[in-house]
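Working notes for the structure below.
What follows draws every value from the coordinates through simple rules; no lab data is involved. Quick caveat, the model's predicted, so the values are computed rather than measured. With ideal geometry, Cβ positions are generated from the backbone for all residues, glycine too; neighbour counts draw on all protein chains shown.
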Amino acid sequence: MKYYTTVNDIKDLDGLIHEAISMKKNPFAFSDLGKNKTLGLIFLNPSLRTRLSTQKAAINLGMNVMVMNIDKEGWALEMEDGAVMNGSSVEHVKDAAAVLGQYCDVIGIRCFPSLQNRKDDYSEKVLLKFMQHCKVPVVSLESATLHPLQSLADLITIKQNWKEKRKPKVVLTWAPHIKALPQAVANSFSEWMCQADMDFTITHPAGYELCEDFTKGAKMEMNQSKALVGADFVYVKNWSSYRDYGKMLPVDSDWMLTNEKLKITNNAKILHCLPVRRNVELSDEVLDGNNSLVLEQASNRLWAAQAVLKKMIENKSEQLNTFLKGEEIIHY
Ligand code: AN0
Ligand code: CP
């Protein structure tokens with residue numbers, strides 16, 4: 001696997017899940033595989049889980065790891081091609097990425113959206129610049145539109161908590177927040193649930209429709225109570241509007257989940273990627289209750305990252321990614 005930026009980069013999804021679960025059972029089975037290989041983790045935004053789980057995954061595979069909070073510790077980056085750099089930016093991303101590629105065998109990058117310019121964000125401008133110029137395999141640590149390491153951990157968590165023959169009913173519900181957040185986690189979860197062929201419903205207030213590129217195959221139900229009926233898993237996440245891009249639109253009813261609201265589910269298990277604003281997005285009683293899977297989900301981030309890194313260092317010369325076909329860039 002050369003790039004890991006979307007579910008479409010995976011040839012064999014069941015195989016990858018199987019790999020992650022076998023890592024969970026035997027974390028050090030491939031502790032020599034990454035010997036003398038270096039992973040560079042580049043953050044343009046904060047992180048706890050992604051940073052540490054990916055770092056630990058690499059260590060379990062015997063890799064060396066370098067971490068850089070490039071937004072704080074690096075030179076101010078210029079993203080525009082052809083820019084006359086006589087302003088505040090000091091180094092062009094094409095130079096920075098090319099240099100990083102000289103030091104690393106695999107690069108992980110976190111680059112949140114601006115939430116100002118939908119076209120730039122949804123064309124994955126920053127991620128693509130790094131991919132084009134670093135010339136080594138790249139794993140997304142959450143890009144402007146997707147968070148595939150999170151979604152792999154989410155799918156593993158659902159699969160390991162489901163023993164029945166029928167498909168589980170999975171509901172993604174919008175939750176309140178005090179600031180505008182990316183759509184990436186929700187887009188990504190939707191993309192993965194559709195790919196994994198779950199019985200999948202999305203519920204959100206008016207104006208919070210996600211980009212249709214990621215929701216093909218999902219059922220939509222604007223009424224949260226109706227959506228929750230019979231749910232086996234409920235994934236809770238806030239996101240800002242895609243339509244009124246990056247805006248927080250007024251919402252009239254209370255979308256925060258409580259135990260009372262969950263009574264109509266099939267004793268649903270609760271997922272959230274974290275970090276979570278307690279008693280804003282999700283109540284303490286739900287987060288700390290017996291049905292909460294949030295810690296297991298965070299723990300599964302390690303096995304997700306380890307399975308992906310293993311694939312990357314096993315075979316560095318595989319097929320091109322959906323974003324990049326030769327020199328041509330394919331936009332959504
Ligand atoms: C980020 C988001 O919603 O995309 C990261 C989640 C993993 N969350 C916040 O910024 C709070
Ligand atoms: N869930 C997740 O990606 O967490 P971090 O932002 O802390 O990495």
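Comparing His272, His18, His177 in a Gaussian network model of the chain, where Cα atoms under 10 Å apart are tied by springs, the biggest mean-square fluctuation is seen for His18.
Based on Cα contacts under 8 Å between residues 6+ apart, the chain shows a relative contact order of 21 percent.
Filter the chymotrypsin sites (Phe, Trp or Tyr not before Pro) in the range 1-84 down to the DSSP loop ones having no more than 16 other Cβ atoms within 10 Å, then list what survives. When the chymotrypsin sites (Phe, Trp or Tyr not before Pro) of the range 1-84 are filtered for loop state and at most 16 Cβ neighbours within 10 Å, Phe28, Trp75 remain.
From the residues Met23, Ile156, Tyr3, which one has its Cα farthest along the dipole of the chain in the positive direction, the dipole being from +1 and -1 charges on Cβ of Lys/Arg and Asp/Glu about the Cα centre? Value: Met23.
Taking a ≥ b ≥ c as the square roots of the eigenvalues of the Cα gyration tensor, the range 35-154 is oblate, since a/c reaches 1.5 or more and a/b is not larger than b/c. When only Cα pairs below 8 angstrom with a gap of at least 6 residues are kept, the range 162-292 shows a relative contact order of 30 percent. Need one word for the range 84-163: rounded, prolate or oblate. Basis is the Cα gyration tensor (sqrt eigenvalues a ≥ b ≥ c); a/c below 1.5 gives rounded, then a/b vs b/c decides. The shape class here is oblate. Comparing Leu287, Leu33, Leu228 in a Gaussian network model of the chain (Cα springs below 10 Å), the most mobile by mean-square fluctuation is Leu33.
Charge tally around His272: other residues with Cβ under 9 Å, Lys/Arg +1 each, Asp/Glu -1 each, net 0.
Helix 184-195 versus the longest principal axis of the chain: what is the Cα-based angle in degrees, 0 to 90, to the nearest 10? So the helix axis and the longest Cα principal axis differ by about 80 degrees.
Just checking the listed ones, Pro113, Pro205, Pro275: in the Gaussian network model of the chain with Cα springs under 10 Å, the one fluctuating most is Pro275. Which value at 222 nm does the chain reach when only helices count, each DSSP H run of 4 or more adding -39,500 (n - 2.57), with the total divided by all residues and rounded to the nearest 500 deg cm²/dmol? For the chain, the value works out to -10000 deg cm²/dmol.
With K and R counted +1 and D and E -1, the other residues having a Cβ less than 14 Å from that of Gln224 yield a net charge of 0. Could you tell me which of the pairs Lys25/Lys129; Lys125/Lys179; Lys125/Lys311; Lys56/Lys169; Lys163/Lys226; Lys56/Lys216 are separated by over 27 angstrom between their Cα atoms in the structure shown? Table pairs above 27 Å Cα-Cα are Lys25/Lys129; Lys56/Lys169; Lys56/Lys216.
Let me check I have the definition right: for the chain, take the eigenvalues of the Cα gyration tensor, multiply each by 5, take square roots. What are those semi-axes in whole Å, largest first?
They are 32, 24, 17 Å, listed largest first.
Would the range 162-292 count as rounded, prolate or oblate if I go by the C-alpha gyration tensor, calling it rounded below 1.5 in a/c and otherwise prolate when a/b exceeds b/c, oblate otherwise? The shape class here is oblate.
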